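Heads up, the thing below is written out as structure tokens.
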């Protein structure tokens, strides 16, 4: 587990895997983006706004239809993580400064978000 506070302290953990893509380091990239490094050797900057918008919890996505109920325009412009918790060996949970903390992003979904919405910072190739 690591906490994101006003001093923004983060964690690094190492897990060996040749099959699964696993984040190895997560830290602030700037005031609006999180830097996420992967065991494949690449890293991405992913906006806090996109991470918050993509929350998969029942408060943000209708459980019956799968339709996103959270509107992008409802997200605070100053959205920032207050804390990030490692969930087992498969996901992270983010606590946001809008007091939302019930969502969980599994590593596969986090990787997809990086590839679809993030900026590639370092390539493994």
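Laboratory data are not the source of any read-out in this text; all were calculated from the coordinates shown. What you see is a predicted model, and the numbers here were worked out from it, not measured in a lab. Cβ placement follows ideal geometry from the backbone for every residue including glycine, while neighbour counts extend to all protein chains displayed.
Numbers at a glance
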read-out: The range 2-122 - Kirkwood radius from inverse mean 1/r over Cα pairs (Å); value: 14.7
read-out: Whole-number percent relative contact order across the range 30-125, with pairs defined as alpha carbons under 8 Å at least 6 apart; value: 32
read-out: Projected label distance in nm at residue 20 and residue 97, using a 7 Å step from Cα toward the beta-carbon; value: 3.2
read-out: For the range 60-119: rounded, prolate or oblate by the Cα gyration tensor [a/c cutoff 1.5]; value: rounded
